[in-house]
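Laboratory data are not the source of any read-out in this text; all were calculated from the coordinates shown. Source: prediction; values computed, not measured. As a convention, Cβ positions derive from the backbone with ideal geometry for all residues, glycine included, and neighbour counts pool all protein chains shown.
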Amino acid sequence: MTAISIQKEEGASARALRPRRHKPLAGGVSPWLLPVALLLLWQGGGALGWIPPTILPNPADVLAAAWKLTQSGELAQNIEVSALRAATGFLIGGGFGFALGLANGLSRLSADLTDTTLQMVRNIPHLALVPLVILWFGIDEEAKLFLVALGVFFPIYINTLHGVRNVDPQLIEMGRSYGMSRSDLFGRIIFPGALPSIFVGIRYGLGVMWLTLIVAETIAANSGIGYMAMHAREFMRVDVVVFAILVYALFGKLADSTARFLERLCLSWNPAYRSLSQ
Amino acid sequence: MSHAPATIPDVSRQDRLGLPLNARHISKAFGETSVLSNLDVFVPAGQFLAIVGRSGCGKSTLLRLLADLDQPDAGEITLGHGVDRRVQTRVMFQEPRLLPWARVLPNVEVGLGADGRTPKGRERARLALASVGLGSRAQDWPSILSGGQRQRVALARALVSRPRLLALDEPLGALDALTRIEMQKLLEQAWLRLGFTAILVTHDVAEALTLADRIVMIEDGKISLDLCIDTPRPRRRGAVELARLEEQILSYLLREDAHEPDYVI
Ligand SMILES: Nc1ncnc2c1ncn2[C@@H]1O[C@H](COP(=O)(O)OP(=O)(O)OP(=O)(O)O)[C@@H](O)[C@H]1O
Ligand SMILES: [Mg+2]
């Protein structure tokens, strides 16, 4: 009797420690409740005249502006330009970061040669280079790509390096004693072991990518979403400005969701990610 | 028992796997501290040798040298007539050391090296997995297995390539008492069936007595006790004879003139 009641208590406290698992409301509606409420408040506040339209236009007005931009094809064109810049910059910066992270994680010599220098450069906020970059490249594409690539480089470099260096040495020893070749050792132990950390770098890098692109496009561009917002500002089109900000937010979210999806796909062996996907 | 019947057929007397291991004048030091000094040990083909001794006496160090995980400072170690020890030796560690990102069957295939990914290799891995009673768990992630099951997968991985020498460093140390007895049986069965030479490091004298043909004790970098255990198998746990031997070994280990720790509590 007593034993059973003790067990019950233990069960209860263990459950209390974990966040309560509630049944998701009809197909995961709950995360959207707050945004929708805010949207309604915004629309209501605008309609009642609490929020002047020169400060923050109604959602309906923003929607109308969005519609107009879509119809004219301006939106699609700007999105294409921005997305291409983001992707190219990310691939260049991420590619170099990944390659150097691997090289420095695997080879002492390579790390001795480059790591200190890279750690020093890392301490310069890359956006501090904007004036210099404008002097070098003007407002050409290279300026944006350079800044994005530089911003993305470091999170991916650091996390790849960290991942490779922190692969369980016991597993590596096992692989060696089981006669794995160098390429097998890399493909079957080091890379998969570093992958969780690499994904942290990718997700962080995506955040930096959008941030850099926004700054670069508002300061030095004649196309893209950021340019669209700056251009609209000159004509006091607050609705377009707000819409441009929303597009950025949407794209940031989209990139992050994609990365999370890939993460869950690639790391399904890890109980931490498995429980998330269930 | 849930163990499937042994699926690997018995190996006939003449092609039993074991090769003799010969270590001569082995020395090993880490920095200033000498761990092994001029140690000799010869392990005949197919013998089950247990290494016991106080914590820190150099059991793991010796095993790592014998298994070619480390190189001795001096001395020579040979397996058979100059067989490549790295290829013919498999090691089981205290931790299972399974690849968490590979399912159970691919983990066993690791034991076959490059052959593991051929259809034939896969089939061998499957058989090895079945022989440790986990045939139905081939597609599970290691993380959902129990500690004992993981160690059984590690045993299958170690044995799938039919090694000539199996080196075990307290492989059952982290298991609970019951699982440990099960694993001891499994290990003994595999050894009887395949006939590899086995070297087991353990701090558990009773375990050494259950499994080994011979027990050596390491003290001060040398072998201080070398004991043949010819009690017939299968050995009954808690048999009077084994209990007496255990008592003798322990009292030898704790004898007056043996090194006491430098501190007093
Ligand atoms: N890589 C190393 N570097 C420095 N010293 C080491 C290293 N490995 C072992 N030693 C030292 O060598 C001695 C023997 O270590 P070893 O691990 O062989 O002991 P052991 O007999 O296996 O002990 P235990 O029963 O606790 O596992 C210890 O004093 C240890 O500190
Ligand atoms: Mg040890």
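Structure notes:
- Just one of (1) more than 13 Å from chain A (Cβ to nearest Cβ); (2) over 22 Å from residue B:200 (Cα atoms); (3) among the polar types (S, T, N, Q) fails for residue B:107. It is (1).
- Residues of region A:184-232 satisfying the condition of being touching a His at 6+ places or on another chain (Cβ under 9 Å), away from chain B (no Cβ under 14 Å) and within 17 Å of residue A:153 (Cα to Cα): A:200, A:201, A:208, A:212
- Count of region B:49-73 residues which are near ligand 1 (Cβ under 6 Å from one of its atoms) and under 20 Å from residue B:86 (Cβ atoms): 2
Table: residues versus (1) of a type in the set (Gly, Ala, Ser); (2) surrounded by fewer than 22 Cβ atoms within 10 Å (Cβ to Cβ).
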position: B:158; (1), (2): yes, no
position: B:162; (1), (2): no, yes
position: B:165; (1), (2): no, no
position: B:168; (1), (2): no, no
position: B:179; (1), (2): no, yes
position: B:203; (1), (2): no, yes
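- Within region B:40-91, the residues that satisfy the criterion of being within 16 Å of ligand 2 (Cβ to nearest atom) and of a type in the set (Val, Ile, Thr) are B:51, B:52, B:61, B:91.
- Residue check for residue B:109: more than 20 Å from residue B:184 (Cα to Cα), assigned to a strand (DSSP E or B) and more than 16 Å from ligand 1 (Cβ to nearest atom): no
- Condition met for residue B:197 (in contact with a strand residue (DSSP E or B) (Cβ under 6 Å, 6 or more places away or on another chain), more than 16 Å from ligand 1 (Cβ to nearest atom) and of a type in the set (Val, Ile, Thr)): yes
- Residue check, residue B:116 away from chain A (no Cβ under 14 Å) and either of a type outside the set (Phe, Trp, Tyr) or closer than 23 Å to residue B:235 by Cβ (or both): no
- Residue within region B:122-142 that is part of a loop (DSSP other than H, G, I, E, B), within 9 Å of chain A (Cβ to nearest Cβ) and more than 22 Å from residue B:168 (Cβ to Cβ) present: yes
- Evaluation of residue A:217 against the conditions (1) under 22 Å from the mean Cα position of the chain (by Cα); (2) of a type in the set (Asp, Glu); (3) surrounded by fewer than 17 Cβ atoms within 10 Å (Cβ to Cβ) shows that the sole unmet condition is (3).
- Qualifying positions in region B:184-221 - among the basic types (Lys, Arg) and within 9 Å of residue B:50 (Cα to Cα): B:214
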